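Beneath this line is the structure, given in structure tokens, with notes to follow.
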Amino acid sequence: MSKPQPDEFYVGYEAKSPPGIAARTRTCVIVYVVLSMLVATACVTFIARTGKGQWMDSSFKSFTGVVRESPYPMIELDQPIFDGASRTALLVDFGKRGAQKRVEGFENLHVVVTGTVLERNGRCMIELAPEEGAVRRDPVEGGGSPVVPLQDVQMDGRGMISLQGEIVDPKCFLGAMKPGEGKTHKDCAVRCISGGIPPSLVCWSEDGSVTYYVLTDETGHAAHELFLDVVGEPVEVRGEVGRIGDLMVLRVSPGGVRRL
């Protein structure tokens, strides 16, 4: 019959811990180190998947162009914000609000807008500065007089097509939040779209590039409420594609959204 082993007891001022306690401590340390490395790797992977959107919110900048009020507030910029960037930029208000009220009365006028830029994959958006006068007539270009009327949406002629992707609020997707997509962001996206930020469909290709479509109803009018139930989920959307400047627009047919 083996002799029972005495219980070990750790004494802080002893030079060495008892063998059993020392072995368990080493095991725990190794496990914690490995777990920490795994968690760090997972975090880096997750952050990488949140995209390369950026919000240049360190200072307000001013831009010139022609305003369009519908289907959603946007500006046809005189010059792209930087090389390779889009010239048709959506306009949004401070916070989770669209800019409909801020651009009232400026349709087809040459204006100066002041705000901060959100950008991802060359697609730009401008969040208007909260101060009054963030949208104002341009005193240089004709004193803000009406210019040549903006063209209506130019349909691409393909008729009804189906696209697969995710419906997002573009403000967060372009850089206001990370992640700005997926189910983890769904509640925030619903509030943003409900507040007037244009619903958008993003479609990823095999090479990782992204195509953006601003969503409207079948007649080309704003349609925030139509998409709230399926925001942040993989979907297939059926409709007709057109363009406003270099911004793609998808006129969604009735019942044209289904979950995947």
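The values are calculated or read from the model by the stated rules, or taken from the named source; none is laboratory data. Only a predicted model underlies this, so the values are computations on that prediction, with no experimental measurement involved. Here the Cβ is made from the backbone with ideal geometry for all residues, glycine too, and neighbour counts use every protein chain on show.
Before moving on, here are some points about what is shown:
- Any hit, region 82-89, residues being closer than 24 Å to G220 by Cβ, over 20 Å from the mean Cα position of the chain (by Cα) and not in a loop (DSSP other than H, G, I, E, B): no
- From E76, E119, residue being more than 28 Å from H185 (Cα to Cα) and assigned to a strand (DSSP E or B): E76
- Restricting G159, G175, G165 to those that are of a type in the set (G, A, S), in a strand (DSSP E or B) and not assigned by TED's automatic domain parsing to the domain that holds I126 reduces the list to G165.
- Complete set of residues in region 224-248 that are more than 16 Å from V153 (Cα to Cα) and either out of contact with any Gly (no Cβ under 9 Å at 6 or more places or on another chain) or aromatic (F, W, Y) (or both): E225, L226, F227, L228, D229, V230, V231
- Total residues in region 194-217 satisfying the condition of being at pLDDT below 95 and in a loop (DSSP other than H, G, I, E, B): the figure is 5.
- For V140, the test of being outside any strand (DSSP E or B) and either modelled with pLDDT of 90 or more or over 21 Å from G239 (Cβ atoms) (or both) is passed.
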